[in-house]
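Visitor: Starting off with a structure, shown below.
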Amino acid sequence: MSRARSWLARRLLLGVAQTAAVVLLVFALTEALPGDAAVALAGDQPDPARIAAIRTAMDLDHPAHERLADWAGGLLHGDFGTSLVSGRPVASYLADGFGPTLLLAALTLLLLVPCGVGLGVFAARHAGRGADRLVSSVTLAVYAVPEFALGVLLVTVLALRLGWLPPTAVGYGTDLLAHPAALVLPVLVLLARPVCSLARLVRAGMIDALAAPYTAQARRYGIGGARIRYGHALPTAFAPAAQQLARTVDWLLCGVIVVEALFVIPGLGTVLMTAVAERDVPVVQGLAVVFGVVTVVLNLGADVVAHRLAPRAEVAA
């Protein structure tokens with residue numbers, strides 16, 4: 001128990017260090033953007049007085065370390081800064097785009113686990129046979145298709161030619177649950193590649209677990225096949241899959257940006273793209289920090305779950 005607590009304490013400290021590194025990296029990258037942000041924001045015919053006002057608003061006349069300290073201090077108190085374009089708090093942009101992005105990610109994850117695990121277990125039960133080869137071939141082929149290309153293909157076939165689904169979410173606003181048909185294509189695009197990777201990972205883990213000595217011993221004791229598969233082999237196979245799920249959510253943060261742009265969904269990805277186009281640095285920084293911290297937290301949670309499912313992984317760590 002003490003060893004487990006020591007491992008958890010080290011992992012939490014690492015998470016805190018990673019969060020601090022994310023904040024520092026986001027600030028450094030925005031500082032390294034080419035050109036003068038004040039000049040860019042001032043317009044095509046910049047007025048020196050307006051440039052000076054923008055520089056003051058952005059604290060560009062202060063040293064970088066002072067601006068970093070002020071910004072990081074504000075983050076600790078939930079203050080993400082103020083938009084240079086609209087004057088609104090950055091937190092309001094996060095609140096506006098959070099709902100659609102969370103809905104897309106939640107629906108994707110809700111379908112991902114049963115679909116990915118189910119396909120992986122099915123393929124493992126038929127390892128080396130036709131069903132296994134079919135699942136492996138299809139998942140490999142689908143995984144190779146980029147999200148944007150898959151989205152265009154689905155829109156062309158299912159929306160434009162067959163007319164079964166709306167091609168975009170234009171006109172639906174942020175209340176996408178009231179129009180579930182608008183969610184089908186975006187969720188399919190987000191779900192395609194993660195299901196393939198999770199299924200292949202679960203399949204490989206199940207095959208190894210079913211061939212392990214402890215499952216053979218369980219069979220000798222007369223334990224049924226279903227109990228061996230789902231009570232003994234699946235938890236062991238799912239330990240690395242839990243970490244893959246965390247990486248999948250990392251990928252979702254990037255995939256959502258593409259999908260929201262393709263299907264015109266007003267989520268965080270759309271907010272980020274607009275802020276980048278308008279050179280609205282505080283909004284870009286706020287969104288980048290949110291994405292980075294979510295990644296750190298999800299990986300921390302995945303490590304804890306994997307440790308609980310397979311405690312022996314702690315020794316190797």
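The values are calculated or read from the model by the stated rules, or taken from the named source; none is laboratory data. None of the values given here were measured: they were computed from a predicted structure. Glycine also receives a Cβ, built like all others from the backbone with ideal geometry; neighbour counts cover every protein chain displayed.
Visitor: Of the residues 75, 140, which single one is touching a residue at least 40 places away in the same chain (Cβ under 8 Å) and surrounded by 13 or more Cβ atoms within 10 Å (Cβ to Cβ)?
Guide: On the way: 140 fails: surrounded by 13 or more Cβ atoms within 10 Å (Cβ to Cβ).
Testing whether each residue is touching a residue at least 40 places away in the same chain (Cβ under 8 Å) and surrounded by 13 or more Cβ atoms within 10 Å (Cβ to Cβ) leaves just 75.
Visitor: Hey, another quick one. Looking only at the range 103-137, which residues are touching a residue at least 60 places away in the same chain (Cβ under 8 Å) and not in a helix (DSSP H, G or I)?
Guide: 127
Visitor: Go through the range 62-80 and give me each residue that's of a type outside the set (A, V, I, L, M) and within 12 Å of residue 286 (Cβ to Cβ).
Guide: Matches in the range 62-80: 71, 74, 78, 79, 80.
Visitor: OK, next. Kindly indicate whether any position in the range 157-173 is of a type in the set (Phe, Trp, Tyr), in contact with a helix residue (DSSP H, G or I) (Cβ under 9 Å, 6 or more places away or on another chain) and touching a residue at least 40 places away in the same chain (Cβ under 8 Å).
Guide: Looking through the range 157-173, none of the residues is of a type in the set (Phe, Trp, Tyr), in contact with a helix residue (DSSP H, G or I) (Cβ under 9 Å, 6 or more places away or on another chain) and touching a residue at least 40 places away in the same chain (Cβ under 8 Å).
Visitor: So, one more: Just need a number here: residues in the range 14-49 that are surrounded by 15 or more Cβ atoms within 10 Å (Cβ to Cβ), at pLDDT 70 or above and out of contact with any Phe, Trp or Tyr (no Cβ under 7 Å at 6 or more places or on another chain).
Guide: The qualifying residues number 7.
Visitor: OK, next. For residue 121, all conditions in the list (1) at pLDDT 85 or above; (2) under 30 Å from residue 208 (Cα atoms) hold save one; what is the number of the exception?
Guide: Answer for residue 121: the failing condition is (1).
Residues checked against (1) more than 12 Å from the chain's Cα centre (by Cα); (2) in a helix (DSSP H, G or I); (3) touching a residue at least 12 places away in the same chain (Cβ under 8 Å); (4) surrounded by fewer than 20 Cβ atoms within 10 Å (Cβ to Cβ):
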site: 251; (1), (2), (3), (4): no, yes, yes, yes
site: 257; (1), (2), (3), (4): no, yes, yes, no
site: 265; (1), (2), (3), (4): yes, no, yes, no
site: 271; (1), (2), (3), (4): yes, yes, yes, no
site: 274; (1), (2), (3), (4): yes, yes, no, yes
site: 284; (1), (2), (3), (4): yes, yes, yes, no
site: 298; (1), (2), (3), (4): no, yes, yes, yes
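Visitor: Just the residues that are part of a helix (DSSP H, G or I) and in contact with a helix residue (DSSP H, G or I) (Cβ under 7 Å, 6 or more places away or on another chain), please, taken from the range 73-95.
Guide: At the first step, the residues of the range 73-95 found to be part of a helix (DSSP H, G or I) are 73-76, 90-95.
Correct list: 75, 90, 93, 94.
Visitor: Residue under question is residue 157, and the condition is that it be exposed (fewer than 13 other Cβ atoms within 10 Å of the Cβ) and assigned to a loop (DSSP other than H, G, I, E, B); does it hold? First the steps, then the outcome.
Guide: Working: exposed (fewer than 13 other Cβ atoms within 10 Å of the Cβ): yes; assigned to a loop (DSSP other than H, G, I, E, B): no.
No.
Visitor: Additional query: Somewhere in the range 199-217, is a residue hydroxyl-bearing (Ser, Thr, Tyr), crowded, with 20+ Cβ neighbours inside 10 Å and either on the phi < 0 side of the Ramachandran plot or at pLDDT below 75 (or both)? It would help to see each step written out before you state the result.
Guide: Residues of the range 199-217 that are hydroxyl-bearing (Ser, Thr, Tyr), as a first pass: 214-215.
The next check asks that each one be crowded, with 20+ Cβ neighbours inside 10 Å; those that pass are none.
Within the range 199-217, not a single residue is hydroxyl-bearing (Ser, Thr, Tyr), crowded, with 20+ Cβ neighbours inside 10 Å and either on the phi < 0 side of the Ramachandran plot or at pLDDT below 75 (or both).
Visitor: On to the next question. Taking the residues in the range 87-102 that are touching a residue at least 24 places away in the same chain (Cβ under 8 Å) and among the small types (Gly, Ala, Ser) as candidates, determine which candidate is surrounded by the most Cβ atoms within 10 Å (Cβ to Cβ).
Guide: 97
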